[in-house]
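Undergrad: Questions regarding the structure given below will be posed in turn.
The values are calculated or read from the model by the stated rules, or taken from the named source; none is laboratory data. Predicted model, so just to flag it, every value in this text is computed and none were measured. Neighbour counts are summed over all protein chains in view; Cβ atoms, including those assigned to glycine, are modelled from backbone coordinates with ideal geometry.
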Amino acid sequence: MVDSRESREGDSIRRRRECLSCARRFTSYERVEEVPLVILKKDGRREPFDRQKVMKGLLLACQKRPVSLARIEQLVGDLQARLMERPDREIRSRELGELIMDELKGLDQVAYVRFASVYRDFKDLPDFVKALEGLMHKEAATGRAAPVSTSIPAPPSAPPAPEPSKSAKPVPQALFPGEAEAPVLRTRKK
């Protein structure tokens, strides 16, 4: 090999070679042939793996959560690398969703529940509660976090009002905001 350069498009490597027996020079091009990842949808359709589609779903699930964009990008990159290492290039959408949910479970539990609610297409509240209970039981079994109470806490009680002193006169209450005191009704004598 005499010279090696990347092509202008960046999709191949151009190599100048020389034959050892006749000294003739020639050019060869090397291209990486990748078989694309294909997602097999529930309805039987096949579509190419779209990194941006996965990224968009994760961004929606992690919206207003303390998860950095760099961490989401790393998660998508790791997921794509795991899929590329597989011998089969066709992945069921259900399997892909489960892989994403496994990653989200360790990253942020609220994002996990958000993603699961869309991915598993919860129809009503019992489906949602069942998923939350499953998450809480798994955490309790692994000892990672204490189970969260699903009961609604009682509102804090108001502090007791001070008792009026016996020597003070009662202060008339205002009827409307901004009024100093209640209006006095006067009657005329006839």
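Undergrad: Return the residue satisfying two criteria in turn: it lies in segment 30-53 and is in contact with a strand residue (DSSP E or B) (Cβ under 6 Å, 6 or more places away or on another chain) and β-branched (Val, Ile, Thr), and of such residues it is surrounded by the most Cβ atoms within 10 Å (Cβ to Cβ).
TA: The qualifying residue surrounded by the most Cβ atoms within 10 Å (Cβ to Cβ) is Ile39.
Undergrad: May I ask you to list the residues in segment 64-89 that are touching a residue at least 12 places away in the same chain (Cβ under 8 Å) and not hydrophobic (A, V, I, L, M, F, W, C)?
TA: Arg65, Pro66, Arg71, Glu73, Asp78, Gln80, Arg82, Arg89
Undergrad: State whether one or more residues within segment 53-60 are among the small types (Gly, Ala, Ser), within 15 Å of Glu103 (Cα to Cα), without any contact (Cβ under 8 Å) to a residue 60 or more places away in the chain and assigned to a helix (DSSP H, G or I).
TA: No, every residue in segment 53-60 fails to be among the small types (Gly, Ala, Ser), within 15 Å of Glu103 (Cα to Cα), without any contact (Cβ under 8 Å) to a residue 60 or more places away in the chain and assigned to a helix (DSSP H, G or I).
Undergrad: How many residues are under 26 Å from Pro48 (Cβ atoms) and either in a helix (DSSP H, G or I) or not charged (D, E, K, R) (or both) when one looks only at segment 90-111?
TA: So the answer is 15.
Undergrad: Identify, by number, the condition in (1) under 29 Å from Leu96 (Cα atoms); (2) modelled with pLDDT under 80; (3) in contact with a strand residue (DSSP E or B) (Cβ under 9 Å, 6 or more places away or on another chain); (4) loosely packed, with under 10 Cβ neighbours inside 10 Å that Asp11 doesn't meet.
TA: Answer for Asp11: the failing condition is (4).
For (1) in the same structural domain as Val2 (by TED's automatic domain parsing); (2) loosely packed, with under 15 Cβ neighbours inside 10 Å, each residue gets a yes or a no:
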| position | (1), (2) |
| --- | --- |
| Ser28 | yes, yes |
| Lys64 | no, yes |
| Val67 | no, no |
| Val76 | no, no |
| Arg86 | no, yes |
| Glu98 | no, yes |
| Met101 | no, no |
| Phe128 | no, no |
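Undergrad: Okay, moving on. Just to be sure, is Lys56 surrounded by fewer than 13 Cβ atoms within 10 Å (Cβ to Cβ) and in contact with a Ser or Thr (Cβ under 9 Å, 6 or more places away or on another chain)?
TA: Criteria not met by Lys56.
Undergrad: Right, another one. Yes or no: segment 36-43 includes at least one residue that is within 25 Å of Ala116 (Cβ to Cβ), part of a helix (DSSP H, G or I) and basic (Lys, Arg).
TA: Checked segment 36-43: no residue is within 25 Å of Ala116 (Cβ to Cβ), part of a helix (DSSP H, G or I) and basic (Lys, Arg).
Undergrad: Among the residues of segment 97-114, are any among the aliphatic types (A, V, I, L, M) and over 22 Å from Ala131 (Cβ atoms)?
TA: Within segment 97-114 (the criterion being among the aliphatic types (A, V, I, L, M) and over 22 Å from Ala131 (Cβ atoms)), the answer is no, since none of the residues qualifies.
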